[in-house]
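Okay, structure first, notes after.
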């Protein structure tokens with residue numbers, strides 16, 4: 001288990017709901033990944049590199065609502081600037097399972 005944090009620490013992490021509107025293969029990534037464009041409503045469209053190719057096809061991801069941390073500093077991955085971090089859980093096989101809501105949510109809404 002990691003060190004305990006305060007509620008104020010948690011509030012620094014800006015987790016939002018967005019809809020994936022574009023999925024491309026990312027052959028220049030070191031590990032298999034997709035390049036995603038995600039619509040966060042009033043917050044705009046953001047890009048992300050996501051290592052989720054083992055459990056998700058491009059077709060599975062199109063129009064899927066996901067959770068992402070939007071206030072990390074952008075990160076250069078090969079020739080691609082990743083602006084947000086799509087979040088998921090590593091299952092027992094070490095594969096990433098995306099965190100998704102079980103109901104449709106407005107793009108840009110904050111996870112609390």
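Going through (1) surrounded by fewer than 14 Cβ atoms within 10 Å (Cβ to Cβ); (2) more than 21 Å from residue 97 (Cβ to Cβ) one by one, residue 60 falls short only on (2). Right, residue 105: out of contact with any helix residue (DSSP H, G or I) (no Cβ under 9 Å at 6 or more places or on another chain), over 26 Å from residue 28 (Cβ atoms) and surrounded by 13 or more Cβ atoms within 10 Å (Cβ to Cβ) or not? Against the criterion (out of contact with any helix residue (DSSP H, G or I) (no Cβ under 9 Å at 6 or more places or on another chain), over 26 Å from residue 28 (Cβ atoms) and surrounded by 13 or more Cβ atoms within 10 Å (Cβ to Cβ)), residue 105 qualifies. The single residue among 2, 47 that is under 25 Å from residue 92 (Cβ atoms) and either free of Cβ contacts under 8 Å to residues at least 60 places away in the same chain or under 10 Å from the mean Cα position of the chain (by Cα) (or both) turns out to be 2.
Out of everything in the range 78-109 that is within 15 Å of residue 32 (Cβ to Cβ) and out of contact with any strand residue (DSSP E or B) (no Cβ under 7 Å at 6 or more places or on another chain), what residue ends up being modelled with the highest pLDDT? If we take residues in the range 78-109 being within 15 Å of residue 32 (Cβ to Cβ) and out of contact with any strand residue (DSSP E or B) (no Cβ under 7 Å at 6 or more places or on another chain), then 78 is modelled with the highest pLDDT. Remark: pairs (first residue in the range 95-110, on the phi > 0 side of the Ramachandran plot; second residue at pLDDT 95 or above and surrounded by fewer than 12 Cβ atoms within 10 Å (Cβ to Cβ); Cβ separation under 6 Å; 6+ apart in sequence or on different chains) = 108/42.
The single residue among 18, 41 that is out of contact with any helix residue (DSSP H, G or I) (no Cβ under 7 Å at 6 or more places or on another chain), crowded, with 18+ Cβ neighbours inside 10 Å and touching a residue at least 60 places away in the same chain (Cβ under 8 Å) turns out to be 18.
The values are calculated or read from the model by the stated rules, or taken from the named source; none is laboratory data. Computed from a prediction, not measured in an experiment: that's the story for all the values here. Using ideal geometry, Cβ is built from the backbone for each residue, glycine included, and neighbour counts are taken over all protein chains shown.
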